[in-house]
Structures are given as structure tokens and as C-alpha cells.
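*Asks:* Shown below is the structure under consideration.
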Amino acid sequence: MIQNRPIGVFDSGYGGLTVLCRLRASMPQYDYVYFGDNARTPYGTRSFEIVRKLTDESVFALFNLNCPLVVLACNTASAKALRSFQEKELPNSCDPTRRVLGVIRPTVEALGSMTQSRHVGILGTVGTVTSRSYDLETAKLFPDITVVSEACPMWVPLVESNEYASDGADYFVRQHLNRLLTRDPLIDVIVLACTHYPLLEPKIRTFLPDGIKLLSQGDIVAASLKDYLLRHPEMEIRLTKNGLCNIFTSEDVKTFSNTASVFLSDDMKVQHLDI
């Protein structure tokens with residue numbers, strides 16, 4: 001058991017490490033624990049029921065590591081499991097004062113001031129796109145914004161195989177951008193609705209027409225969490241501030257470490273967590 005009370009960061013794989021890096025850059029004083037459920041990834045093609053089960057187990061694993069607050073740094077888990085966990089699992093848990101936050105709501109909140117045309121594109125996994133979570137959340141907050149989504153099933157494998165900067169990635173990046181913009185030429189903001197996709201950002205910008213903004217989630221989630229803690233001092237005082245970070249995976253540690261090096265600039269010790 002970790003004796004500190006860290007902020008938990010969860011992803012089904014490696015992409016959430018891009019969010020972890022931005023959280024630590026923005027709020028380095030806090031302690032963090034990252035858990036990647038790499039042994040059971042991918043979540044993006046799984047049913048709602050399976051994603052909910054896997055996410056519930058992973059969040060409780062972070063609770064057991066003494067995290068009073070968990071960020072789902074995973075669009076699929078945020079889309080398919082967050083609300084169910086908040087409404088059903090958490091109130092019936094041994095400590096209902098713990099909190100779980102996602103990445104979709106803060107991302108959508110940022111759209112209102114970014115789009116002039118009121119036409120927004122979403123690039124995400126099959127699971128995120130089919131959930132229609134971005135469409136529904138945007139409709140609640142900004143009913144005047146039109147959302148068009150495009151699933152990019154090859155983008156995560158490109159990142160995790162360290163091929164995201166290769167010439168071979170050009171075809172898949174150009175293909176999905178063209179499909180999205182052909183369906184709605186008025187789009188002026190595109191959301192990278194998967195935490196793997198920031199590594200593809202330089203490649204995406206190569207093929208992105210002038211005048212279209214690209215929205216990556218790491219800094220938005222970090223700013224949203226900082227604001228949340230300011231508004232909820234009762235949670236902020238529960239978190240320890242030693243600047244520590246622990247990383248866990250349900251996968252083989254060596255396998256995780258090799259791929260995680262794509263996402264992490266520093267050499268961090270990785271530990272195995274049975275789940």
C-alpha cells in the first residue's frame with residue numbers, strides 16, 4: 001500500500017501517460033500514481049458492459065493504492081464507464097467521498113471559445129466515436145455546435161509500435177483527416193479524442209489545412225483539474241504533496257517499460273499490479 005495520498009491516473013494502455021506528463025508539469029507538487037491496464041487493452045473496441053467492468057476494477061485498484069481522486073485519462077473509459085461508476089459504484093463503496101473525473105467534459109468545455117464556425121471534428125477510437133459521448137456532451141453545453149466524428153482504428157497501433165513519425169503513418173493520418181473534412185468542410189477545430197494522439201500531432205499538422213485548430217487534451221485536463229481542486233478544498237487537503245510518481249501496469253513490466261519510453265522523457269521505475 002502506498003502511504004501517500006496521490007492523484008490516480010488511469011488509462012487502458014499507454015496514452016494516459018501524455019496526460020500524466022502534463023499534470024506533473026502543471027502541478028508538480030502533488031503525488032501521482034499511474035495505472036495502465038495493458039494486459040487487458042484495447043478497450044476501444046469492447047462493449048459498454050466490458051469497458052465498465054474493466055474500468056471499475058481498475059479504479060478500485062487505484063483506490064486500494066490510497067488514491068482519493070482518480071482521473072480517467074482514457075476517452076473510451078470516460079465515454080463508456082465514468083457516469084455509471086459515479087452514479088452506481090462510488091455511492092455504494094466504502095468511501096463515497098472519493099472522486100473520479102474524466103477527460104470528455106473538460107475537453108468539450110474548452111470548445112465553446114475555440115470554434116468560430118461552430119463546426120467541430122472529433123478524431124478518436126472506435127469505442128469513443130460509437131459512444132457518441134462528444135456529440136451528447138457538446139449538445140448539452142453548446143447546442144449550436146455541430147460535431148462530426150471520425151474513428152481512427154490504426155492510430156493507436158502506430159503510436160505503440162513507435163511508427164507514429166514514419167512515412168508509413170502518412171497514409172492513415174491523411175486518410176482520416178480527408179474523410180472528416182470532406183464530411184464537413186466548415187470544421188475549424190479538431191479534437192484529438194484519444195490520449196495516444198498527441199504523439200501524432202506533428203504528423204497531423206503536416207496535412208492539416210490552414211485555419212483549423214488542433215485541440216490536444218493534456219493541458220486542458222491539467223487546467224481543469226487545477227480548477228477543480230481550487231473549487232474543492234476538501235479534496236485538495238486530502239492529497240499529499242511530495243512530488244512523487246509511481247507507475248503500475250497489469251502487463252509484463254519490461255514490455256510496458258519498452259513502449260512507455262515513447263511517452264516518458266524520464267526513466268521511471270515501473271511496477272506490476274495484479275488485477
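*Asks:* Taking the dipole about the Cα centre of the chain, with the C-beta of Lys and Arg at +1 and of Asp and Glu at -1, give me whichever of T195, L62, S93 is farthest to the positive side.
*Replies:* Projecting each Cα onto the dipole axis, the largest value belongs to S93.
*Asks:* Same structure, new question: Could you tell me whether region 139-250 comes out rounded, prolate or oblate from its Cα gyration tensor? Rule is a ≥ b ≥ c as square roots of the eigenvalues, rounded for a/c under 1.5, then prolate if a/b exceeds b/c, otherwise oblate. If you can, show how the numbers build up before the last one.
*Replies:* Details: a/c = 2.83, a/b = 1.45, b/c = 1.95.
The shape class here is oblate.
*Asks:* Further, regarding this structure: Where the only charges are on Cβ atoms (+1 Lys, Arg; -1 Asp, Glu), what is the dipole of the chain about its Cα centre, to the nearest 20 debye? Write down the numbers at each step before the final one.
*Replies:* On the way: 28 positive and 31 negative charges, 86 e Å.
Rounded to the nearest 20 debye, it is 420 debye.
*Asks:* Next question, about the same structure. Which residues in region 65-79 have a backbone N closer than 16 Å to a point placed 7 Å from the Cα of K88 along the Cα-to-Cβ line?
*Replies:* 77-79
*Asks:* Now for a different question. Add -39500 (n - 2.57) for each DSSP H run of 4 or more in the chain, then divide by its residues: what number comes out at 222 nm, to the nearest 500 deg cm²/dmol?
*Replies:* Numbers: 12 runs with 113 residues, N = 275.
Per the formula, -12000 deg cm²/dmol.
*Asks:* Under 29 Å Cα-Cα from K226, which lysines qualify once same-chain neighbours fewer than 8 residues away are excluded?
*Replies:* The reachable lysines, counting only those whose Cα sits under 29 Å from K226, are K53, K80, K88, K140, K213, K241, K269.
*Asks:* Also, quick follow-up: How about region 214-275: which trypsin sites (Lys or Arg not before Pro) there are in a DSSP loop, with at most 11 other Cβ atoms within 10 Å of their Cβ? Walk me through the numbers before you get to the answer.
*Replies:* On the way: sites: K226, R231, R238, K241, K254, K269; in loops: R238, K241, K269.
Passing sites in region 214-275 are K269.
*Asks:* Sticking with this one: With the crude spin-label approximation of a point 7 Å out along Cα→Cβ, what separation in nm comes out for K241 versus M268?
*Replies:* 2.0
*Asks:* With r as the distance between the Cβ atoms of L141 and T45 and R0 = 25 Å, compute the FRET efficiency 1/(1 + (r/R0)^6) and round to 0.05. Walk me through the numbers before you get to the answer.
*Replies:* On the way: r = 28 Å, r/R0 = 1.12.
According to the calculation, E is roughly 0.35.
*Asks:* Go ahead and run the numbers for FRET between I212 and N258, Cβ-Cβ distance against an R0 of 30 Å, rounding to 0.05. Numbers along the way, then the final one.
*Replies:* Values: r = 35 Å, r/R0 = 1.15.
Efficiency for this residue pair is about 0.30.
No lab work stands behind these numbers, since they all come straight from the coordinates. Since this is a predicted model, take the numbers as computed values, not measurements. Quick reminder, even Gly has a Cβ in these numbers, built from the backbone with ideal geometry, and neighbours come from all protein chains shown.
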